[in-house]
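What follows is one structure encoded as structure tokens, with my remarks underneath.
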Amino acid sequence: MDTIVIVGGGAGGLELATRLGDTLGKAGRARVLLVDRSPGHFWKPLLHTVASGKCDPQVTQIEFPAQAADHHFEFIQGEVMSIDRAARSIELAPRRVDGLELQPRRSIGYDKLVLALGSVTNFFGIPGAAAHVLTLDNVTEAEVFRKRFVNACIEAGERKQRGDCAAGAAQVNVVIVGGGATGVELAAELSHSARALAQYKVHALDPVKDVRISIIERGQYLLPHLHASLSERAASHLRSLGISVLTNTSVASVTPQAVIDSTGHEHRADLALWAAGVEAPALCAALGLPVNRMNQIAVDATLRAPADEHVYAFGDCASFICPDKGAVPPRAQVAHQQAVYLAKHMAKHLADAAKLAKAGSVAAMPKAGALAGFRYRDYGSLVSLGPLAAVGVLSGAVTGKSIHVGGAAARLLYGMMYQKHMLALHGMARMAVHTLVDWLRAKVLPPVKLH
Ligand SMILES: Cc1cc2nc3c(=O)[nH]c(=O)nc-3n(C[C@H](O)[C@H](O)[C@H](O)COP(=O)(O)OP(=O)(O)OC[C@H]3O[C@@H](n4cnc5c(N)ncnc54)[C@H](O)[C@@H]3O)c2cc1C
């Protein structure tokens, strides 16, 4: 029986493990193994809600061992340090908790390796950025940001009450570098969180005058992937929340207290977050396979690395050039479509190998329909502007026509993207129960985490 090892249980990897487990694993046709450094899965597009305190990841995340038990795959927690392609094995770092070594360095062999490692923040070599800004690459980092934001508000509120602050100046300055979806969504949620925390008297600041949230974007518009009219709409919504939007502004360096732009202007930052771009993890560049300038592994139409028939890569860590659309973007929508494709492709690949073994030669094999290569379909993009608004574009993949959407209806559609992910992982009944529980929880609990 072939062993398929999937590294990375994110938006794409967990869906693939679930689909392969439900088919090949359940039928005993392959051993499906998922490896991730974390014990649970949190859907990355919602990380800004963890950073703003709207979402509690402990409650929302999916435990990998439970998903594995329900869907006929195995889960191993560990950080992949290196991959030996010649020996077809991956090596996991020792697992340590509170200084105690729970598990030593381990190797796991594979017949097929699927890399779904996601992406990490790209600082583009800007001096001081890596040392002084926070990032939103995972739940831990999002929690760090949330705690620093709440604590900064509490501490500044105390100072204000003592009269120990400059009159007329903002008391907490949050600077978000990058006006893409992550930056815009975080800014909007943070503004609502500052208000909610004030309402619960967690801090003594005026959430609009004392908490200054700024977005710095190098391009002419926020949300460069959307039409300029939608970008304008998003910018004016953010401004209505009191958020400062600075476009055509490039960051030159970062210090512990400020983000400095290319004109030399210092933007005071009690808290700075970098959301200006991503690249694939360094591990991808260490495999000896061709990668692009973002470290993404080049893959063919079957999502396989052309130089190694045993290695597949997809999602943010892979570079796939779609014949009609060019390079596919690092988005959850792509990771989902590729997971669906790979689940079919790998099942067919195994079935063909079994037929070949039975028939003895390719000529004697029964004819089967070939599976076409992967094609990306862009169904559009939605960006949340807080609990009640969103903007975006919906694309008809067949007709090719796009419609612009905004306001509360767009926000409702935005919420459905997560339901779709839950549907892929849990099926209809369980997804419906989760949705109901989330809705009830939102009705009875404060809208943000208060400490
Ligand atoms: C704040 C935010 C908002 C976003 N909003 C949207 C949106 O609205 N729409 C959209 O389409 N996309 C959005 N994205 C992008 C989207 O989240 C990614 O494109 C998507 O998650 C990529 O899926 P993936 O499976 O490739 O990787 P990920 O979901 O990032 O998963 C990677 C997994 O690999 C694991 N891993 C990494 N390295 C190792 C290792 N060495 N060993 C073991 N495990 C490892 C990680 O723990 C993680 O579980 C957003 C991203 C962010 C950060």
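None of the figures in this text is laboratory data; all of them are computed from the coordinates on show. As the structure is a prediction and not an experimental result, all values here were calculated from the model. FYI the Cβ positions are ideal-geometry reconstructions off the backbone, even for glycines, and counts take in every protein chain you see.
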| message | Could you tell me how far the Cα centroid of region 316-335 sits from the Cα centroid of region 377-428, in Å? | response | 18 Å
| request: For region 380-444, state the average projected area of the convex hull of the C-alpha atoms over all orientations, rounded to one decimal in nm². | output: 5.1 nm²
| request: At 0.36 nm per residue, minus the direct Cα-Cα distance, what do H227 and L394 gain on full extension? Give it in nm, one decimal, please. | output: 58.9 nm
| Over the Cα atoms of the chain, what is the Rg over Rh ratio if Rh follows Kirkwood? | 0.99
| query | Under 19 Å from the Cα of K355, which lysines turn up, not counting those fewer than eight places away in the same chain? | reply | K112, K344, K367
| note | Measuring from the longest principal axis of the C-alpha atoms of the chain, the long axis of helix 139-162 (C-alpha) lies at a number of degrees, nearest 10, equal to 10 degrees
| said: So if each residue of separation counts as 0.36 nm, and I subtract the Cα-Cα distance between A87 and Q257, what length gain in nm does that give? | reply: 56.3 nm
| query | By how many degrees, between 0 and 90 and to the nearest 10, does the Cα long axis of helix 428-444 differ from the longest principal axis of the chain? | reply | 10 degrees
| Straight-line reach from K209: which lysines have a Cα under 26 Å away, not including same-chain ones fewer than 8 places off? | K54, K147, K160, K201, K449
| If we count other beta carbons within 10 Å of each Cβ, what is the order of F42, F145, fewest first? | F42, F145
| remark: Final fewest-first order of W274, W43, W439 on the 10 Å Cβ neighbour count is W439, W43, W274
| request: Neighbouring Cβ atoms within 10 Å as the yardstick, rank E74, E101 fewest first. | output: E101, E74
| request: Can you tell me the 0 to 90 degree angle between the C-alpha axis of helix 181-199 and the longest principal axis of the chain, rounded to 10? | output: 50 degrees
| query | Per residue of the chain, what 222 nm ellipticity follows from adding -39500 (n - 2.57) for every DSSP H run with n ≥ 4, rounded to the nearest 500? | reply | -10500 deg cm²/dmol
